[in-house]
Amino acid sequence: MGIYPRLIVFCDKIAYNAAQIVSLCRQWNIGVYGVAKGACAQGDIVHVMVESGCEGIADSRIKNLYRLKKEMRLSVPVMMLRPPMMSEIPEVVEYGDSSVVSMSETIRALDHESVFQKKDHLVLLMIDLGDLREGIWPDELEQIGKILKGCQRVRCMGVGVNFGCFGGVRPSMEKLEELGVLEKELESLLGYPLKVCSGGSTSSLALIEDGTMPSNVNALRIGEAILLGTDSSGGRPLPFLKQQTVILETEIIEVKRKPSFPLGEIAADAFGNIPSFVDRGVRLRAISAIGKQDARIEGLSPLEEGIEILGASSDHMVLDAEKYGRTLHVGDKVHFSVKYSALLALTTSPYVSIHVIK
C-alpha cells in the first residue's frame, strides 16, 4: 500500500513531554491520565505515556478501549472518556476499568451490566461548571448521589470537570474550588471517600504554571500537551515542552501556473460552502494528495517557507508555491506542522500512514 500521506511521529519528544508533565503534576500531588484519542490509541505512543508515568490511559472510542485492554494488555487502568452510549454498555464494562458519567440512566445500566458480568466498575461523575458539554448541574448532585449509593457493583471514584472543549470556558481557581466543594458534598451523600478530583485537561496546566491550582485537584486528563506540546484553548505552545512532535508529509501530484481567481460563475463547493478568492494574477500552484477526508486543513501549517495553503476538496489540497525558493516537481514531498484538531482526523484516517521514530 502507499506510504503517503504519512505522519512522522517523534516518540522521544512525546516521551519528554509526558515525563515533564507527570513530574510537574507530581509536585502538586496530581496524577495524570494520558488521553490517547488524539493519536487514535497508537501503540507506540500509548506505551510512551505509560512508561513516562501516566497512571492510566483514557480514550473515547470503544474500539480503542478494546485495543488498549485486549491487544496491548496495559498494566494501568483504562478509562472510557466519553459518557457511554447505552448500546455499548456491555463493551465498556468488559474493556474499561472506569468511565465518565453524567446521566442516571447510564449509571443504572453500567451497574446492571457489571452485576451481570460479575465485575466492579468505577465511574467519574462529570459536573458541568459552565463549558456546557457533558456533566450534571450542581443542583442534581443529591439525586445522582442517591443513585450511585444504591449501586451494587458500580462505585464512584470521584468527580471531574471539562473546560475549553465546547464552550471555550477557561479553567479558573474559583471553578476548581467549587468542584472541591461539590466533591465533599458527594462524599457525604455516598458515605465513603472519593479518591479523584479531576480538574480538567491540558488547559488546566496553566493553573499549575501560574501557581493557582487549588489543592483539592489531584488528577488531570492530558492529551494535547503530551502529544504536541501545545494548548489550543490558550492558543500557545507550552514553554516547558517540545513542539513539532508530529509532522505531516505529503506528496505533490500536480505543479502548474494557473490563475488565482476561478473562471466562470462561482457556486457552492462540494461541501456546500461558497468560496471566496482574491485575484493575485497567474501563480505557481501545486496540489498535494490529501484533503478534507483525512484532515482538518485549518489545523495544518506548511513548514517549507514560501508554501501557502489555499484550500482543499475531499482529497486534494491546493497550495500556492509562487514564493517557494526551489523548483517544485511532481513527486516532491511537502511537510506541515499539525495542530490538535488536524491530528485527531489524521490518526483516524485509514488513508494516512504513521511512521514512528523512536
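The values are calculated or read from the model by the stated rules, or taken from the named source; none is laboratory data. Model, not experiment: these values are computed from the prediction. Cβ atoms come from the backbone with ideal geometry, glycine included; neighbour counts cover every protein chain shown. The area values use the complete protein model at the heavy-atom level, side chains included, leaving out ligands, DNA and RNA. Shrake-Rupley method; radii C 1.70, N 1.55, O 1.52, S 1.80 Å.
This table checks each residue for (1) outside the structural domain of SER198 (by the TED database); (2) within 18 Å of ILE222 (Cα to Cα); (3) of a type in the set (Lys, Arg); (4) modelled with pLDDT of 95 or more.
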residue: MET80; (1), (2), (3), (4): no, yes, no, yes
residue: ILE89; (1), (2), (3), (4): no, no, no, yes
residue: THR106; (1), (2), (3), (4): no, no, no, yes
residue: LEU110; (1), (2), (3), (4): no, no, no, yes
residue: SER114; (1), (2), (3), (4): no, no, no, yes
residue: ASP131; (1), (2), (3), (4): no, yes, no, no
residue: ILE136; (1), (2), (3), (4): no, no, no, yes
residue: GLY164; (1), (2), (3), (4): no, yes, no, no
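Can you tell me which residue is farthest from the chain's Cα centre (by Cα) among those in the stretch 234-264 that are polar (S, T, N, Q) and within 30 Å of VAL278 (Cα to Cα)? By that ranking, first place goes to SER260.
Taking the stretch 77-109 on its own, how many of its residues are open to solvent by 20 Å² or more (accessible area, probe 1.4 Å) and either of a type in the set (Val, Ile, Thr) or touching a residue at least 60 places away in the same chain (Cβ under 8 Å) (or both)? Counting residues in the stretch 77-109 that are open to solvent by 20 Å² or more (accessible area, probe 1.4 Å) and either of a type in the set (Val, Ile, Thr) or touching a residue at least 60 places away in the same chain (Cβ under 8 Å) (or both) gives 1. Taken as a whole, the structure leaves LEU248 outside the set of residues that are modelled with pLDDT of 95 or more and within 30 Å of ILE144 (Cα to Cα).
Restricting the stretch 112-142 to residues that are in contact with a helix residue (DSSP H, G or I) (Cβ under 9 Å, 6 or more places away or on another chain) and assigned to a loop (DSSP other than H, G, I, E, B), the residue that is nearest to ARG82 (Cα to Cα) is ASP128. Restricted to the stretch 226-260, and to residues there that are touching a Ser or Thr at 6+ places or on another chain (Cβ under 7 Å) and at positive phi, the residue that is most open to solvent (accessible area, probe 1.4 Å) is GLN244. Among the residues of the stretch 48-63, the one identified as of a type in the set (S, T, N, Q) and surrounded by fewer than 20 Cβ atoms within 10 Å (Cβ to Cβ) is SER60.
Residues in the stretch 1-26 that are crowded, with 18+ Cβ neighbours inside 10 Å and basic (Lys, Arg): ARG6, LYS13. For the stretch 143-156, the set of residues classified as surrounded by fewer than 21 Cβ atoms within 10 Å (Cβ to Cβ) and part of a strand (DSSP E or B) consists of ARG155 only.
A single entry from ARG280, ARG285 fulfils the requirement of being open to solvent by 50 Å² or more (accessible area, probe 1.4 Å) and assigned to a strand (DSSP E or B): ARG285.
Considering every residue within the stretch 281-290, establish whether at least one is closer than 25 Å to GLN20 by Cβ and under 25 Å from the mean Cα position of the chain (by Cα).
No, the stretch 281-290 has no match at all.
In the set (1) under 29 Å from SER232 (Cα atoms); (2) open to solvent by 80 Å² or more (accessible area, probe 1.4 Å); (3) modelled with pLDDT under 95, GLY272 fails one condition alone, (2). Could you grab me the full set of residues in the stretch 1-45 that are among the hydroxyl-bearing types (Ser, Thr, Tyr), closer than 18 Å to LEU343 by Cβ and part of a helix (DSSP H, G or I)? Within the stretch 1-45, TYR16 is the sole residue that qualifies.
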